[in-house]
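A short worksheet on the structure shown next.
Just so it is clear, none of the values below were taken in a lab; they were calculated from the coordinates. Quick caveat, the model's predicted, so the values are computed rather than measured.
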Amino acid sequence: MSWGAALLFGALHTTGIELILALALGHNIIAAIVLMAVAWSALVGLFCRNLLASVFLLLPQQFLLIASAIGAIFCMVDGRFADGAIYPRPFVFVDQIYFIWLLWRHSQEVIVGMT
């Protein structure tokens with residue numbers, strides 16, 4: 001939800017997924033709406049009593065987290081952020097590692113929730 005809000009107020013692409021969505025959808029506002037819809041879907045999925053519906057509502061968020069983690073890995077390898085800013089690799093690593101950690105924890109929670 002915060003990524004969508006950030007795109008509503010500025011075109012700064014701090015994450016790879018924001019940049020990809022803005023380029024693919026043609027406008028920052030549309031990308032922001034998609035990010036917010038995915039966030040709302042996941043929120044509804046948390047409170048859904050039907051297990052199958054809950055998993056399907058969480059999947060869009062999981063896909064965005066996978067894409068973000070892949071983008072973070074590319075940033076770490078290249079030593080630059082999604083907006084092209086170049087920094088030392090250790091700095092980029094420390095800044096981007098939370099995307100991978102977030103994907104890992106979210107995946108664990110989805111799997112535990114299904115069992």
For the chain, list the DSSP H helices whose alpha carbon atoms reach 27 Å or more along the long axis and whose average Kyte-Doolittle value is -1.0 or above? 28-47, 51-78, 89-114
Reviewing (i) 43, 29, 24; (ii) 54, 35, 23; (iii) 46, 29, 19, the figure for Cα extents along the principal axes in Å actually calculated from this model sits under (iii)
A student applying the Cα gyration tensor rule (rounded when a/c is under 1.5; otherwise prolate if a/b is larger than b/c, oblate if not) would label the range 52-115 prolate
